[in-house]
Amino acid sequence: KVGLQSFLSFGVYGENFAVSVHKVLEVLERQKVTKIPKTPPYIEGVINFRGEIIPVAKTREKFNMPSRKKSEKYVIIVLELTINEKTVILGATADEVRDVIEINKQEIKEVPELGTDYDTSFLTGMIKIKDDFIIFLDVDKIFSDSEIIQVSKITEESKKQIEQ
């Protein structure tokens, strides 16, 4: 199966997304997320993941979608990002995990231009399977450098507070 790559597909607000399985450390069922004051609106809070405190991003907010209601179920996809040659572990909320799919990279089409005020740099492509489109994400590019610095500070501050 030369050329096939594995992706984790998941749903956010009725849309289908996929990330390389190489970036996914784990999928966590509903976890207690500890809210942290004065964090950016796209940060849900922090969780304990294998003894480490990691931030959790609200995927819907990051993608300009309506917020999840408290009663709606969700999962946290724990991702390992590489930003400026630094490894960052981050959780991202999703409404559901769908499947691990194998896709031939040649089948992935480019994302159409959506206008100048929409950042598509983190979208690597899309594919149509049956009647659904799946949008492929480059998780290393979803957050800007300044956002990652902010998230790292939140993580450090949280660790200090918990250690006291």
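The values are calculated or read from the model by the stated rules, or taken from the named source; none is laboratory data. Source: prediction; values computed, not measured. Quick reminder, even Gly has a Cβ in these numbers, built from the backbone with ideal geometry, and neighbours come from all protein chains shown. With ligands, DNA and RNA removed, areas are computed over all heavy atoms of the protein, side chains included. Shrake-Rupley method; radii C 1.70, N 1.55, O 1.52, S 1.80 Å.
Quick notes
- Among residues of region 123-143 that are closer than 11 Å to ILE83 by Cα, those with a Cβ under 7 angstrom from a residue that is in a strand (DSSP E or B), sequence gap 6+ or separate chain, pair up as VAL139/VAL19; VAL139/LEU79; VAL139/LEU81; ASP140/LEU81; ASP140/THR82; ASP140/ILE83.
- Among the residues of this structure, ILE148 does not count as one that is hydrophobic (A, V, I, L, M, F, W, C), at pLDDT 90 or above, open to solvent by less than 100 Å² (accessible area, probe 1.4 Å) and touching a strand residue (DSSP E or B) at 6+ places or on another chain (Cβ under 8 Å).
- Residue that is nearest to PHE143 (Cα to Cα) [pool: residues in region 64-84 that are open to solvent by less than 30 Å² (accessible area, probe 1.4 Å) and free of Cβ contacts under 8 Å to residues at least 60 places away in the same chain]: VAL78
- Strands (runs of 3 or more DSSP E) fully within region 78-149 that include at least 2 residues being at negative phi and among the acidic types (Asp, Glu): 96-104.
- Here THR39 meets the list (1) within 20 Å of ILE103 (Cα to Cα); (2) of a type in the set (S, T, N, Q); (3) surrounded by 17 or more Cβ atoms within 10 Å (Cβ to Cβ); (4) touching a helix residue (DSSP H, G or I) at 6+ places or on another chain (Cβ under 6 Å) almost entirely, failing just condition (1).
- Selection count where residues are closer than 18 Å to ILE149 by Cβ and either at pLDDT 95 or above or among the β-branched types (Val, Ile, Thr) (or both), scope region 1-56: 7
- Answer from THR87, THR124 - the residue that is open to solvent by 60 Å² or more (accessible area, probe 1.4 Å), out of contact with any Gly (no Cβ under 7 Å at 6 or more places or on another chain), of a type in the set (Ser, Thr, Tyr) and closer than 18 Å to ASN16 by Cβ: THR124
- Of everything in region 85-117 that is within 19 Å of GLY14 (Cβ to Cβ) and not acidic (Asp, Glu), the residue that is modelled with the lowest pLDDT is LEU114.
- Residue in region 1-20 that is touching a residue at least 40 places away in the same chain (Cβ under 8 Å), open to solvent by 30 Å² or more (accessible area, probe 1.4 Å) and over 26 Å from ILE108 (Cβ atoms) present: no
- Residue match in region 24-42 (condition: under 26 Å from LYS153 (Cβ atoms), basic (Lys, Arg) and out of contact with any strand residue (DSSP E or B) (no Cβ under 6 Å at 6 or more places or on another chain)): yes
- Taking the criterion of being open to solvent by 60 Å² or more (accessible area, probe 1.4 Å) and outside any strand (DSSP E or B), the residues of region 21-36 that qualify are HIS22, GLU29, ARG30, GLN31, LYS32, LYS35.
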